[in-house]
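So the structure is just underneath, and the comments pick up after that.
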Amino acid sequence: MKMFVLAMMDALKRLFANKGARMTMVVSILIYACLYPQPYRGEVVRDVPIVAVDQDGSTASREFLRRIHNSDSVEIIATVDGLPAAEAMFFDRKAYGVVIVPPSFEHDLLKGQNAPVAVYGDGGYFLIYGAFVAAANNAAQSLGAEIRQQRLTSVGLDTDAAQTLISPINQTSVALFNPQGGFGSYVVPAAFVLILQQTLLMGIAIMHAGQPARPGIQRVATPAAYILLYLVWIIVTQLALPAIYGIPWIGNIWTLFAVAVPFLIAVNAMGFALTHLIRNRESVVFFLVVQGMPLFFIAGVAWPMESIPWWIAWAAHIVPSTSAIDAFLRVDQMGASVQDVLPTIRLQLALAVGYWCIAYVLHDRQFPKAQGNHLKPADTQTS
């Protein structure tokens with residue numbers, strides 16, 4: 001056991017002595033940990049600048065625009081007279097949306113007719129567009145409900161009965177696993193799983209591409225050292241960062257490790273397999289850099305896994321991060337137990353076995369042992 005620990009320490013010393021590996025497996029993760037969560041600290045989109053065109057100038061139109069402005073998600077920065085002025089602000093990127101109240105807005109409401117309102121948003125930014133459209137819809141629905149209630153009470157119906165006619169079903173929405181409804185609570189822990197995978201793969205490539213395996217016990221101690229180091233990064237990215245940035249975390253730490261250890265074993269195995277499949281370290285690193293973004297999109301984070309073509313979703317599971325991201329999110333934000341993530345643990349172990357077998361086969365072909373230890377049949381007959 002002492003020899004194994006010393007071999008692990010020697011592997012870590014060699015890692016920290018290698019500038020490329022040190023920058024990839026240590027420094028880059030610290031930089032990611034400091035910078036990556038910063039854009040998501042707001043969690044949800046707030047105070048999106050929009051411009052209003054009030055062609056009616058009535059009490060009803062001002063009330064409608066006031067309700068939009070009072071939303072947390074948008075802010076009316078200007079009210080202009082015509083559409084050309086609003087378009088100029090929109091194309092100058094001073095505003096990301098335009099709401100137009102037509103001249104007959106209040107007149108139509110008083111006559112009991114529908115009062116259409118035009119809403120234009122920048123669909124290129126789906127979060128901004130969604131926040132703007134939601135604010136306009138909420139303002140329209142709340143104002144419309146009040147007007148309908150006033151009409152019903154004016155003909156003698158009591159307030160409760162009028163409210164029931166307007167909204168017979170009351171809906172209460174409760175965000176179970178993301179109470180803030182934020183993007184950061186969802187994407188930051190998931191992204192760091194992929195970041196840890198890619199940096200570990202790159203570090204293994206830098207340290208071992210084109211090189212024979214370390215002799216003796218070091219052949220096992222070296223991957224174990226990498227796993228130990230990255231368990232520290234699991235603690236930093238999955239436990240410390242959520243606490244620092246207020247990201248909800250309701251998981252169990254031992255369940256987290258039950259997912260993390262097989263995941264890191266599988267990533268180690270994949271890394272050593274790649275170093276023997278692509279023997280040049282620069283080529284391996286380039287391959288991993290190119291694959292980073294596609295792996296994020298097929299992991300079911302940016303786009304639901306159910307909407308991805310089945311053959312892509314199936315092929316994506318040969319990469320450890322695909323199933324691991326889902327398991328980490330289940331543990332971190334949904335409080336999943338070991339039993340809940342057991343299929344993922346089994347898949348990670350299966351990937352580890354498969355990639356280790358590939359790594360050993362490719363290694364023995366790339367670095368054959370001395371002929372004296374493996375005599376060919378012809379050599380035996382000659383002797």
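The table below gives the values:
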{"read-out": "Residue, nearest to Pro189 (Cα to Cα), within the stretch 295-309, restricted to residues that are surrounded by 12 or more Cβ atoms within 10 Å (Cβ to Cβ) and out of contact with any helix residue (DSSP H, G or I) (no Cβ under 7 Å at 6 or more places or on another chain)", "value": "Phe297"}
{"read-out": "Ile128 touching a Leu at 6+ places or on another chain (Cβ under 8 Å) and surrounded by 13 or more Cβ atoms within 10 Å (Cβ to Cβ)", "value": "no"}
{"read-out": "Subset of the stretch 352-370 that is farther than 15 Å from Leu277 by Cβ and of a type outside the set (Val, Ile, Thr) - its residue that is modelled with the lowest pLDDT", "value": "Ala370"}
{"read-out": "Condition met for Leu30 (within 30 Å of Ala240 (Cβ to Cβ) and buried (at least 20 other Cβ atoms within 10 Å of the Cβ))", "value": "no"}
{"read-out": "Every residue from the stretch 74-92 that is over 26 Å from Asn114 (Cα atoms) and either at pLDDT below 90 or in contact with a Pro (Cβ under 7 Å, 6 or more places away or on another chain) (or both)", "value": "Ile77"}
{"read-out": "Residue within the stretch 143-160 that is assigned to a loop (DSSP other than H, G, I, E, B), within 30 Å of Gly42 (Cβ to Cβ), of a type outside the set (Asp, Glu) and modelled with pLDDT of 85 or more present", "value": "no"}
{"read-out": "One residue from Val53, Val98, Val74 being touching a residue at least 60 places away in the same chain (Cβ under 8 Å) and either more than 26 Å from Gln180 (Cα to Cα) or within 35 Å of the chain's Cα centre (by Cα) (or both)", "value": "Val74"}
{"read-out": "Verdict on Leu176 being in a loop (DSSP other than H, G, I, E, B), outside the structural domain of Val26 (by TED's automatic domain parsing), modelled with pLDDT under 80 and surrounded by 15 or more Cβ atoms within 10 Å (Cβ to Cβ)", "value": "no"}
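The values are calculated or read from the model by the stated rules, or taken from the named source; none is laboratory data. Note that this is a predicted model, so its numbers are computed, not measured. Backbone-built Cβ (ideal geometry, glycine too); neighbour counts: all protein chains shown.
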